[in-house]
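Asker: Let me begin by handing over the structure; questions about it come next.
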Amino acid sequence: MAFGATRRYSAGHMSRQQRKRTQRAHKRTHAERLEDWAQRTNARLFDAAEFRSFKAEGTLHLVGVMGFAGSWQRASDTRESAEAARRAATALLRRELEALAAEHGESLIMASGATNAGTLQVAYKLCAELKIRSMGIAPHSVLTYDIAAMDYVLPFGERFGDESELFILLCDEFLVLGGGRQTRRETIDAHRRGKPVTVVQGFGGASAGFTTEQLPNARFIQRV
């Protein structure tokens, strides 16, 4: 009891010198985390404030891509059908990204979760092929996974989900293909905020479970 009381008193009556030491410690931690990212990617690194300014100055349009961040087996029952699902997703995402590029030109940036697997891997590869700039908005824990090649990274938070609100706020519209619980939460949040959402169905995962009743203003497209 006494120890807990002492901690509360100290935190509430921190001296100016103690506050400065704490602030310096946080800054060092942030710098160290940026260095972790710099060792894994050649992408330009931003913090949230810097990227907001960058976006405003360039009148950029961000499309957020959400979906599977793992094997395509989640979208099928066999290895052959998994590869067929990957090809079908690639063709569909290519069509959507080409249409967005035609509308927004060099202002378009594709944003996703930075990992190099599943829906995200397809989106990053297509952006490289189509000469669309891409970025990752991702927590520090992503660094335990394979990282996709991209132009920009905005590291935010420690664990998966910490970045969700920032991702939703920064992106102007969304493409959803597959995904799990985090994709579901982010899609519902984006729709609730009035942002355009395109839901791609026919691949399983979170996107397959959405209905027009749940997302009345969303655009639904089906796997061919």
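Quick note: the coordinates plus some simple rules give every number you see, no bench work behind them. These figures come from a predicted structure and were not determined experimentally. Positions of Cβ are generated from backbone atoms using ideal geometry, with glycine treated the same way; all protein chains shown enter the neighbour counts.
Asker: Under 12 Å from the Cβ of Ile147, count the other residues' Cβ atoms, weight Lys and Arg +1, Asp and Glu -1, and hand me the total.
Answerer: -1
Asker: Right, another one. How high is the relative contact order of the range 149-224, given as a whole-number percent (alpha carbon pairs under 8 Å, six or more residues apart)?
Answerer: It rounds to 27 percent for the range 149-224.
Asker: Compute the acute angle (0 to 90°) between the alpha-carbon long axis of helix 79-104 and the principal axis of greatest extent of the alpha-carbon atoms of the chain; round to the nearest 10°.
Answerer: The angle comes out near 80 degrees.
Asker: Next up: Once phi is turned into θ = phi - 60°, what whole-Hz ³J(HN,Hα) does the Karplus curve with 6.51, -1.76 and 1.60 give for every residue of the range 153-164, x standing for Gly and Pro?
Answerer: My calculation for the range 153-164 gives 9, 10, x, 8, x, 9, 10, 4, x, 4, 8, 4 Hz in order.
Asker: Let me ask something else about it. Which order, highest average first, do 118-131, 167-180 follow once you tally other Cβ atoms within 10 Å for each residue and take the mean per peptide?
Answerer: 167-180, 118-131
Asker: By counting other Cβ atoms within 10 Å of each Cβ, how are Trp37, Trp72 ranked from fewest to most?
Answerer: Trp37, Trp72
Asker: I want the local charge near Ile132. Using Cβ-Cβ distances under 15 Å, sum +1 for each Lys or Arg and -1 for each Asp or Glu among the other residues.
Answerer: -3
Asker: Can you match Rg and Dmax of the Cα atoms in Å to one of these, [x] 19.6, 62; [y] 23.3, 79; [z] 19.9, 66, based on a calculation from the structure here?
Answerer: So the calculated entry is the one marked [z].
Asker: In deg cm²/dmol and to the nearest 500, what is the mean residue ellipticity at 222 nm of the chain if only DSSP H runs of at least 4 residues count, each as -39500 (n - 2.57), divided by the residue total?
Answerer: Per the formula, -15000 deg cm²/dmol.
Asker: Which residues' amide hydrogens lie under 5 Å from the amide hydrogen of Gly64, considering only partners 5 or more residues apart or on another chain, with H built in the peptide plane?
Answerer: It is Ala111, Asp172, Glu173, Phe174, Leu175, by chain and number.
Asker: Please turn the phi angles of the range 214-224 into ³J(HN,Hα) values with the Karplus equation 6.51 cos²θ - 1.76 cosθ + 1.60 (θ = phi - 60°), one per residue in order, whole Hz, x for glycine and proline.
Answerer: Once θ is set to phi - 60°, the couplings for the range 214-224 become 6, 10, x, 9, 7, 9, 10, 10, 10, 4, 7 Hz.
Asker: What net charge is computed for the residues neighbouring Ile188, neighbours being all others with C-beta under 12 Å from the C-beta of Ile188, Lys and Arg scored +1, Asp and Glu -1?
Answerer: +4
Asker: Please pull out the direction-averaged projected area of the range 30-129, using the convex hull of its alpha-carbon atoms, in nm² to one decimal place.
Answerer: 7.5
Asker: Turning to a different aspect of this structure: Using only Cα atoms and rounding to the nearest 10 degrees, what angle (0 to 90) does helix 118-130 make with the longest principal axis of the chain?
Answerer: Roughly 80 degrees, rounded to the nearest 10.
Asker: Let me ask another. Tell me which residues come under 5 Å, amide H to amide H, from Val153 once H is placed; ignore anything under 5 positions away on its chain.
Answerer: Excluding prolines and chain starts, which carry no amide H, the hits are Arg44, Leu45, Phe46, Gly136.
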